[in-house]
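One structure is given here, and the rest of the page talks about it.
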Amino acid sequence: MEDDSTLYVGLDVHKDSITVAYALDAGEVELLGKIGTTKTDIDRLCKRLQSKARRIDIVYEAGPCGYVLCRQLVQKGFDCMVCAPSLIPRKPGERVKTDRRDAIKLVRSLRAGDLSAVYVPSVEDEAFRDLARTWVSAKDDLKRARQRLKAFLLSHGVRYTGRADWSPAHRRWLSTYAFDSAWQQMAFEEHRRTIDDRLAQCERLEAALRKEILHSHISSDSSRWRQATRSSSKLLVSI
C-alpha cells in the first residue's frame with residue numbers, strides 16, 4: 001500500500017445490496033462484488049478498502065436510500081460524494097443498465113472528475129426538511145380530500161349557492177346538510193371527517209414550523225435556513 005495512492009470507489013446502492021467497484025490511481029477498474037447494507041457489512045467493506053490505499057474517494061448516486069451511508073463513510077474517515085444521477089455523463093445509445101456497469105461507470109467518472117455532487121444535509125437540517133415536506137404532503141392530502149367531497153356532492157346534484165371556498169359559511173352549510181339515505185349520509189360524514197383530520201394535521205405541522213422559523217437560531221448559509229425561508233413564505237410568516 002503506497003501512501004500517495006488514491007483508491008476510487010463506486011457504489012451502486014439499493015435497499016438490500018450494494019455493488020462495489022474500485023480502481024487504484026489510473027489502474028484498471030475492478031469489481032469487488034456485492035455486499036449487504038447492514039452496519040456490519042459496511043464496516044467489513046471499510047476494512048477491505050483501507051487495506052488497499054490510505055486515500056479513498058467514494059461515490060454513489062443520490063436516491064431513495066438517502067444520506068445514511070454517506071454519513072457512515074465520512075465517520076470512518078473516507079471522502080464520500082453523493083452525486084446527481086441526472087448529471088452523470090452518458091454515451092449516445094447507452095441504455096442497458098446493470099448494478100455492475102453502474103458501479104464501474106461511477107469509478108471512471110469519479111476519477112475523471114465528471115460528477116456533480118449534491119448537497120448532503122446535516123442530520124438536523126434533514127429532520128427539519130422532513131417536517132416541512134410532511135406539511136406539504138398534508139396540504140396536498142387536504143386538497144384532495146376536499147376535491148373528493150365536492151365530487152361526491154356534485155354526483156348527487158348537491159350544490160352550495162355561495163362560493164364553495166371552505167369559508168365559515170360554507171363549512172356551516174356542510175355541517176347541516178343531510179342525505180335521505182343513511183348510507184350516503186355515512187359516506188358524506190366520512191368525507192367530512194377526513195377533511196377535519198387533515199386540517200388538524202396541517203395545523204399541528206404549521207405550529208411546529210412556525211415555532212422553528214420564529215424562535216430557532218438557524219445559520220443563514222444552511223439548507224435548513226433555505227427550507228425555513230420557503231416554508232415561511234407559504235405560512236405567511238415574517239422571519
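The values are calculated or read from the model by the stated rules, or taken from the named source; none is laboratory data. Everything numeric in this text was worked out from a predicted model, so none of it was measured. Cβ atoms come from the backbone with ideal geometry, glycine included; neighbour counts cover every protein chain shown.
Residues are listed down the side, and each one gets a yes or a no for (1) modelled with pLDDT of 95 or more; (2) acidic (Asp, Glu); (3) buried (at least 18 other Cβ atoms within 10 Å of the Cβ):
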residue	(1), (2), (3)
12	yes, yes, yes
21	yes, no, yes
50	no, no, no
56	yes, no, yes
61	yes, yes, yes
83	yes, no, yes
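Looking across segment 106-119 at every residue that is assigned to a helix (DSSP H, G or I) and either modelled with pLDDT under 95 or touching a Pro at 6+ places or on another chain (Cβ under 9 Å) (or both), the one that is surrounded by the most Cβ atoms within 10 Å (Cβ to Cβ) is identified as 109. Being of a type outside the set (D, E, K, R), exposed (fewer than 11 other Cβ atoms within 10 Å of the Cβ) and in contact with a Lys or Arg (Cβ under 9 Å, 6 or more places away or on another chain) is a property that residue 122 lacks.
One residue alone among 155, 137 is modelled with pLDDT of 95 or more, under 30 Å from residue 11 (Cβ atoms) and not assigned by TED's automatic domain parsing to the domain that holds residue 34, and that residue is 137. Test residue 178 against the criterion of being loosely packed, with under 12 Cβ neighbours inside 10 Å and free of Cβ contacts under 8 Å to residues at least 24 places away in the same chain, and give yes or no. Judged against the criteria, residue 178 is a match. When segment 23-40 is filtered for residues that are within 19 Å of residue 76 (Cα to Cα), surrounded by 13 or more Cβ atoms within 10 Å (Cβ to Cβ) and not hydrophobic (A, V, I, L, M, F, W, C), the ones remaining, listed by number, are 36, 37.
Does segment 77-91 contain any residue that is of a type in the set (Lys, Arg), under 20 Å from residue 26 (Cα atoms) and over 16 Å from the mean Cα position of the chain (by Cα)? Scanning segment 77-91, I find no residue that is of a type in the set (Lys, Arg), under 20 Å from residue 26 (Cα atoms) and over 16 Å from the mean Cα position of the chain (by Cα), so the answer is no. For segment 7-55, the set of residues classified as assigned to a helix (DSSP H, G or I) and not polar (S, T, N, Q) consists of 39, 41, 42, 43, 44, 45, 46, 47, 48, 49, listed by residue number. State yes or no: is residue 103 within 24 Å of residue 51 (Cα to Cα), of a type in the set (Gly, Ala, Ser) and touching a residue at least 24 places away in the same chain (Cβ under 8 Å)? Considered against the rule, which asks whether it is within 24 Å of residue 51 (Cα to Cα), of a type in the set (Gly, Ala, Ser) and touching a residue at least 24 places away in the same chain (Cβ under 8 Å), residue 103 comes out as yes.
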